[in-house]
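> Pasting in a structure now, in structure tokens, and then I'll have a few things to ask.
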Amino acid sequence: MSASQSNRARGLATRLTHAGRKPEDFHGFVNPPVVHASTVLFPDCATMLSGGQTYHYARRGNPTTDALEEALAELEGAAGVRLAASGLNAVSVALLSCLSSGDHVLITDSAYGPTRHFAETTLKRLGVAVDYYDPAVGAGIEALFRPNTRAVMTEAPGSLTFEMQDIPAIAEVAHARDALVVMDNTWATPCFFDAIGHGVDLSVQAGTKYLIGHSDAMLGTVAASERAWPGLKETHGALGMHVGPDDVYLALRGLRTLEVRLRRHMENALEIARWLAERPEVARVRHPGLESDPGHAIWKRDFTGATGLFAFDFIDSVSEAQSHAFLDALELFGLGYSWGGFESLAIPVRLKGARTATPMPTGGPSVRLHIGLEDTADIRADLEAGFAALKA
Ligand SMILES: *Cc1c(COP(=O)(O)O)cnc(C)c1O
């Protein structure tokens with residue numbers, strides 16, 4: 001058995017600790033070197049032209065990128081993995097790898113906003129027809145298929161609104177119609193949702209979030225099933241995509257502690273979500289790990305954990321200005337985009353017409369929270385101060 005085959009059977013924390021590491025290749029050092037490179041030299045013309053040397057040119061990979069791609073391929077159970085400059089770049093290369101002019105793609109109405117923007121601009125300009133579907137559609141997605149539907153783009157839970165989806169049911173329909181399933185799996189990460197194991201062909205992560213985990217770099221990853229891998233490899237190479245070795249190294253470093261960080265994010269976020277659900281100012285908490293959430297049954301069936309990101313809606317009588325007073329009063333929570341770092345963050349949710357297949361949520365204003373690794377007593381005290389400011 002090769003090292004990676006035997007590691008695949010081990011527990012998640014063990015796999016994260018050992019995946020993609022080959023100390024014997026680097027004089028015994030625990031971690032691979034950060035290889036800053038463009039040119040690779042060959043000993044002679046015969047070697048140069050034979051294609052027999054491992055590395056040819058750094059755009060096509062080096063020992064640092066290989067270490068991360070191999071580790072993620074093992075973690076995701078993928079045929080292969082490619083790296084992108086950002087999470088959005090990972091979404092765009094995944095879609096470009098399986099869509100051509102004249103094709104049709106079905107995208108969840110709850111997709112990450114910039115994914116929708118990419119579809120509305122670049123995909124449409126290239127002659128791809130785009131339709132949005134209700135994330136609750138399940139096997140009913142069959143009715144939305146056209147003869148030229150080549151891909152379904154999913155994301156669960158949905159960005160900002162946190163709807164779950166029946167991914168295996170959607171994948172079954174897509175595969176019967178010879179279409180690929182692309183999933184933005186940033187929320188759960190491969191640690192808490194085995195996307196490829198549930199029928200996804202192109203599993204995308206914004207590595208910017210939990211993988212890097214420290215709000216200090218940007219990266220995207222795409223893991224492919226056997227059937228999607230040749231297309232991903234070709235498109236990624238043809239586009240000349242490359243990620244600098246320092247950022248790749250930060251992702252490798254983040255990978256080693258991913259399991260312990262995610263567990264703490266999960267515990268902290270569930271505690272805060274339950275606490276918020278009891279508050280009189282809160283109408284609804286959008287977190288699939290809560291028993292009261294409409295997506296809880298699917299989450300429990302398919303996912304093995306939850307991370308630190310969720311949203312809540314204020315009651316109807318809370319105004320936009322009051323919700324801003326709440327946010328402005330927070331001290332531990334930074335007001336900022338992105339999430340997945342060690343620190344707590346908050347944003348006002350603004351959907352701005354970003355739902356076309358499902359009704360826009362009504363009611364009080366909504367806030368998205370990322371619960372960081374701080375002590376929960378301090379996080380609660382910070383939110384208490386926010387509620388006090390809302391009433392002031
Ligand atoms: C942040 C995010 C992305 C994009 O990642 P970037 O690295 O910021 O480009 C994609 N999908 C989801 C769900 C995200 O939250």
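> Treat each spin label as a single point 7 Å out from the Cα along the C-beta direction, and report the Arg350 to Val40 distance in nm.
Each label point is offset 7 Å from its Cα along the Cβ direction, giving 4.7 nm.
> Hand me the chymotrypsin sites (Phe, Trp or Tyr not before Pro) from segment 279-369 located in a DSSP loop with no more than 10 other Cβ atoms within 10 Å, in residue order please.
Of the chymotrypsin sites (Phe, Trp or Tyr not before Pro), the ones in loops of segment 279-369 whose Cβ has at most 10 other Cβ atoms within 10 Å are Tyr337.
> Separate question: Which ordering of Ser97, Ser50, Ser86, Ser338 is given by a fewest-first count of other beta-carbon atoms within 10 Å?
Fewest to most other Cβ atoms nearby, the residues stand as Ser50, Ser338, Ser86, Ser97.
> Now, a different point. Rounded to a whole number of µm²/s, how large is the Stokes-Einstein D of segment 1-109 at 4 °C and 1.567 mPa s, given Rh as the Kirkwood radius over C-alpha pairs?
Rounded, D is 77 µm²/s.
> Applying a 10 Å radius around every beta-carbon, put 233-243, 120-130 in order of their mean neighbour count, most first.
Highest to lowest by the protection proxy: 233-243, 120-130.
> Which order results if Ile371, Ile379 are arranged by neighbouring Cβ count within 10 Å, fewest first?
Ile379, Ile371
> Span-like helices, the chain: DSSP H, alpha-carbon axial extent 24 Å or more, mean Kyte-Doolittle -1.0 or greater, which ones?
258-277
> Here is a follow-up. Can you compute the modelled spin-label distance between Arg253 and Ala176, with each label point 7 Å from Cα toward Cβ, in nm?
Distance between the two pseudo-spin positions: 4.9 nm.
> Count the net charge of all other residues whose Cβ sits under 14 Å from the Cβ of Gly102, scoring Lys and Arg as +1 and Asp and Glu as -1.
Numbers: positive: Lys124, Arg125, Arg146, Arg150; negative: Asp103.
Every neighbour counted, the sum reads +3.
> Evaluate E = 1/(1 + (r/R0)^6) for Leu49 and Arg274, where r is the Cβ-Cβ distance and R0 equals 51 Å; express this FRET efficiency to the nearest 0.05. Provide the component values of the computation, followed by the final result.
Working: r = 64 Å, r/R0 = 1.26.
The pair Leu49/Arg274 has a calculated efficiency of 0.20.
> Using DSSP, restrict attention to beta bridges with both residues in the chain and report what percent are antiparallel, rounded to the nearest 5. Don't skip to the end; give the middle numbers.
Working: 24 of 43 bridges.
DSSP beta bridges in the chain are roughly 55 percent antiparallel.
> Summing +1 for each Lys or Arg and -1 for each Asp or Glu, what net charge is found among the other residues whose Cβ lies under 12 Å from the Cβ of Tyr337? Please list the in-between numbers first.
Numbers: positive: Lys209, Arg350, Arg368; negative: none.
Neighbour charge sum, excluding Tyr337 itself: +3.
> Go through segment 290-368 and name the trypsin sites (Lys or Arg not before Pro) that are in a DSSP coil and have 10 or fewer other Cβ atoms within 10 Å of their Cβ.
Answer by residue number: Lys352.
> With each pseudo-label sitting 7 Å past Cα toward Cβ, what's the Glu234-Lys391 distance in nm, one decimal?
That separation, rounded to one decimal, is 6.3 nm.
> Specify which residue in the list Thr186, Ala174, Gly207 is farthest towards the positive end of the charge dipole of the chain, using unit charges on the beta carbon of Lys, Arg (+1) and Asp, Glu (-1), about the Cα centre.
Checked the options; the winner is Ala174.
> Which value results for Rg/Rh of the chain when Rg is the Cα radius of gyration and Rh the Kirkwood radius based on the inverse mean 1/r? Before the final figure, lay out the partial values.
Details: Rg = 21.7 Å, Rh = 21.9 Å.
Result for the chain is an Rg/Rh of 0.99.
> Under the rule of -39500 (n - 2.57) per DSSP H run of 4 or more residues, summed and divided by the residues of the chain, what mean residue ellipticity at 222 nm is obtained, to the nearest 500 deg cm²/dmol?
When only DSSP H runs of four or more count, the value is -10500 deg cm²/dmol.
> Going out from 0 in 10 Å bins, what whole percent of all Cα-Cα distances in segment 148-244 drops into each bin?
Final binned percentages: 15, 45, 33, 7, 0.
> Using the Cα atoms of segment 70-188, I'd like the radius of gyration and the largest Cα-Cα distance, Dmax, both in angstrom.
13.7, 38
> Given 0.36 nm per residue, what is the gain on full extension from Glu267 to Thr122 after removing their alpha carbon distance, in nm?
Here the segment from Glu267 to Thr122 would lengthen by 48.3 nm.
> Taking only the alpha carbons of segment 249-357, what extent do you get along each of the three principal axes, in Å, biggest first?
So the extents along the principal axes, rounded to whole Å, are 45, 33, 32.
Every read-out reported here was derived from the displayed coordinates using simple, explicitly stated rules and does not represent laboratory data. Note that the structure is a prediction, hence the values are computed from the model and not measured. Positions of Cβ are generated from backbone atoms using ideal geometry, with glycine treated the same way; all protein chains shown enter the neighbour counts.
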